[in-house]
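A.B. asks: Please read through the structure below; I'll follow up with questions.
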Amino acid sequence: MWLFDKLLNRNQAGIWDEADISLPMARAITGWLNAFYNNPNWATNQVRLSALPSTITGFVATLVTNELSISCGTSTRAKYIEEQLQPLTRKLHNAVQLATAGGQIIIRPFVQDGKFYFDLVQPGRFFPTRFNPDGRVMAGYFVDYRDVKGKEYIRIERFDCDGKQMIVSNKAYRSAGDIMGSEVPLATVPQWAELEPEITINGIKQPLFGCIQMPFANTVDDASPLPVSIYANAMDSIIEFDKVYSEMLYELHSGRRKSIVERQALVPMPKDTNKRGKRFHYFDPTSDVYILDPAEQAKPFQDYSPALRTAEYMTGLKAILHIVENQCHLSPGTMAIDERTGTVTATQVISQDRTTYNTCSAIQQQGVTQGLLDVITAMNAMCELYQLAPAGELVPAVTYGDGVFEDTQQEFSRRIQMVQADILKPEQLLAWYFGVDVETAQTEYLKEQTDTVDLFGGA
């Protein structure tokens, strides 16, 4: 994984000096991502990992992206962009999960063979250097690396947008151990051979990418404009959760059934010997005969099955999990431990889980929506650059369903009652139920039922 610490000692290109990121912030992001990828610094032979960070982020990403839809308008350009967005919609769950883990994710559209593709750039491959007053990144670096015949090469892509044009430059370096190394031609790496050392793109008001950011306050560096992970405040609690989780597993393993055997009940191995030439002895539970010394009164063997303290450990894990939920801005009981498997799972979310609902809504409105709208803007600009589709008006919109957060059957019953009380029109109910506009519901669904009496239980 490409993380900040790989570049801390490779500063010949001046990245670290310009980057608007402090060392504590860089180390915090590295810690969040390492925890997400099940490679944290607290993992040892004694501490087993519960994968709690990836469980939390995966659950939140599911809630955020569930029933998400993107529209761009009715023009030819709009329909083309909508079609080209399909590969991204399939990756949105992963994108949001990575953003919740590392604080943000960059979505970079690029064109290949006349089609759009999308690169998800995590922190550690992206270094912002300048923001506008609204917090939008206007300049920075992208870092890429390739291995060619066992040699590591690093590419630094610098971009700078002033609201009128964007200047993009590319430089490649051959890595030499812990230093950036010497600059080499871009063509040294086949994948970079067609890149221009520097280009200027006129008429660009913002960089050609979108950024999904978490809406949480930065508790690592109050001077930093960078967002933080959803579990930034829960790292210590996650460590304690893994420790207790490991102790419970040890309890289960060490508490398995054992046999306490008298020495005279052991039999020698026929051939195997230790380093001193003595035969190994073992207990044969299938034997029917045991030779005892007449002086010995003890039984040849007995079972030892200690009582397990799993209930106490489960209570402790649940208590810590509630603390983690609170620190991750989730409602109490959002996460649960499966009593059968011992794994952490997500419970069903209903409308009463207001904290979880508000957190996911904030991520949607303040992070995902703006990021996707910026991606659409970038795609529109690239359509002009590469003449991919005729010009046309764009009316981009990102909408979200609420089926995860509400009991659909209960809500349907409530709206039926409103129709029966003449508070709500039947076509409005149908529009909500089928996910269409009122006009479509009236012409396509209600029309077929006009001759049906008592459609909604009325007269």
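The values are calculated or read from the model by the stated rules, or taken from the named source; none is laboratory data. Quick caveat, the model's predicted, so the values are computed rather than measured. Counting neighbours? That spans all protein chains shown, and the Cβs are built from the backbone with ideal geometry, glycine included.
A.B. asks: Go through segment 327-375 and report how many residues are modelled with pLDDT under 90, more than 30 Å from R309 (Cβ to Cβ) and aliphatic (A, V, I, L, M).
C.D. replies: Final tally of qualifying residues: 2.
A.B. asks: On to the next question. Regarding segment 62-69, can at least one residue be identified that is surrounded by 15 or more Cβ atoms within 10 Å (Cβ to Cβ), within 11 Å of the chain's Cα centre (by Cα) and free of Cβ contacts under 8 Å to residues at least 60 places away in the same chain?
C.D. replies: no
A.B. asks: Let me ask another. Based on what the data block shows, is A26 at pLDDT below 90 and crowded, with 19+ Cβ neighbours inside 10 Å?
C.D. replies: Considered against the rule, which asks whether it is at pLDDT below 90 and crowded, with 19+ Cβ neighbours inside 10 Å, A26 comes out as yes.
A.B. asks: Please work out which residue is nearest to C383 (Cα to Cα), limiting yourself to segment 172-183 and to residues that are of a type in the set (A, V, I, L, M, F, W, C) and buried (at least 17 other Cβ atoms within 10 Å of the Cβ).
C.D. replies: By that ranking, first place goes to A172.
A.B. asks: Any chance segment 200-214 includes a residue that's touching a residue at least 12 places away in the same chain (Cβ under 8 Å), assigned to a helix (DSSP H, G or I) and over 21 Å from F127 (Cα atoms)?
C.D. replies: No.
A.B. asks: On to the next question. Looking at this structure, is A431 surrounded by 19 or more Cβ atoms within 10 Å (Cβ to Cβ), more than 26 Å from the chain's Cα centre (by Cα) and either at pLDDT 85 or above or more than 15 Å from I70 (Cα to Cα) (or both)?
C.D. replies: Yes: the conditions hold for A431.
A.B. asks: Something else: If only one of D422, D454 is surrounded by fewer than 15 Cβ atoms within 10 Å (Cβ to Cβ), modelled with pLDDT of 80 or more and more than 27 Å from S69 (Cα to Cα), which one is it?
C.D. replies: That would be D422, the only listed residue that is surrounded by fewer than 15 Cβ atoms within 10 Å (Cβ to Cβ), modelled with pLDDT of 80 or more and more than 27 Å from S69 (Cα to Cα).
A.B. asks: Among what's in segment 390-411 and is modelled with pLDDT of 90 or more, surrounded by 13 or more Cβ atoms within 10 Å (Cβ to Cβ) and under 33 Å from the mean Cα position of the chain (by Cα), pick the residue that is farthest from G203 (Cα to Cα).
C.D. replies: Among those that are modelled with pLDDT of 90 or more, surrounded by 13 or more Cβ atoms within 10 Å (Cβ to Cβ) and under 33 Å from the mean Cα position of the chain (by Cα), it is V398.
A.B. asks: Considering only segment 115-136, how many residues are crowded, with 19+ Cβ neighbours inside 10 Å and either at pLDDT 90 or above or under 19 Å from L88 (Cβ atoms) (or both)?
C.D. replies: Number satisfying all stated conditions: 6.
A.B. asks: Still on this structure, please answer the following. Counting just the residues of segment 99-114 that are in contact with a strand residue (DSSP E or B) (Cβ under 7 Å, 6 or more places away or on another chain) and closer than 13 Å to V368 by Cβ, which one comes out surrounded by the most Cβ atoms within 10 Å (Cβ to Cβ)?
C.D. replies: Only one residue fits best here, namely A99.
A.B. asks: What helices (runs of 4 or more DSSP H), lying completely within segment 50-123, carry at least 3 residues that are closer than 29 Å to L249 by Cβ and not aromatic (F, W, Y)?
C.D. replies: Output list reads 52-65, 92-102.
A.B. asks: Do we find a residue being in the same structural domain as M214 (by TED's automatic domain parsing), touching a helix residue (DSSP H, G or I) at 6+ places or on another chain (Cβ under 8 Å), at pLDDT 95 or above and not in a loop (DSSP other than H, G, I, E, B) anywhere in segment 36-44?
C.D. replies: For segment 36-44, residues in the same structural domain as M214 (by TED's automatic domain parsing), touching a helix residue (DSSP H, G or I) at 6+ places or on another chain (Cβ under 8 Å), at pLDDT 95 or above and not in a loop (DSSP other than H, G, I, E, B): present.
A.B. asks: Here's another thing I want to ask about it. When you go through (1) crowded, with 19+ Cβ neighbours inside 10 Å; (2) modelled with pLDDT of 90 or more one by one for S169, which number turns out not to apply?
C.D. replies: Exception for S169: condition (1).
A.B. asks: On to the next question. I'd like the full set of residues that are surrounded by 21 or more Cβ atoms within 10 Å (Cβ to Cβ) and within 15 Å of G140 (Cβ to Cβ), limited to segment 205-215.
C.D. replies: P207, L208, F209, G210, C211, Q213
A.B. asks: So E152 passes all but one of these: (1) acidic (D, E); (2) within 24 Å of M214 (Cβ to Cβ); (3) part of a strand (DSSP E or B). Which condition number does it fail?
C.D. replies: E152 satisfies all of (1) acidic (D, E); (2) within 24 Å of M214 (Cβ to Cβ); (3) part of a strand (DSSP E or B) except (2).
A.B. asks: Restricting to segment 208-235, give me the number of residues that are β-branched (V, I, T) and within 30 Å of L385 (Cα to Cα).
C.D. replies: 1
A.B. asks: Checking S229 against (1) modelled with pLDDT of 95 or more; (2) touching a Ser or Thr at 6+ places or on another chain (Cβ under 6 Å), which test does it fail?
C.D. replies: Exception for S229: condition (2).
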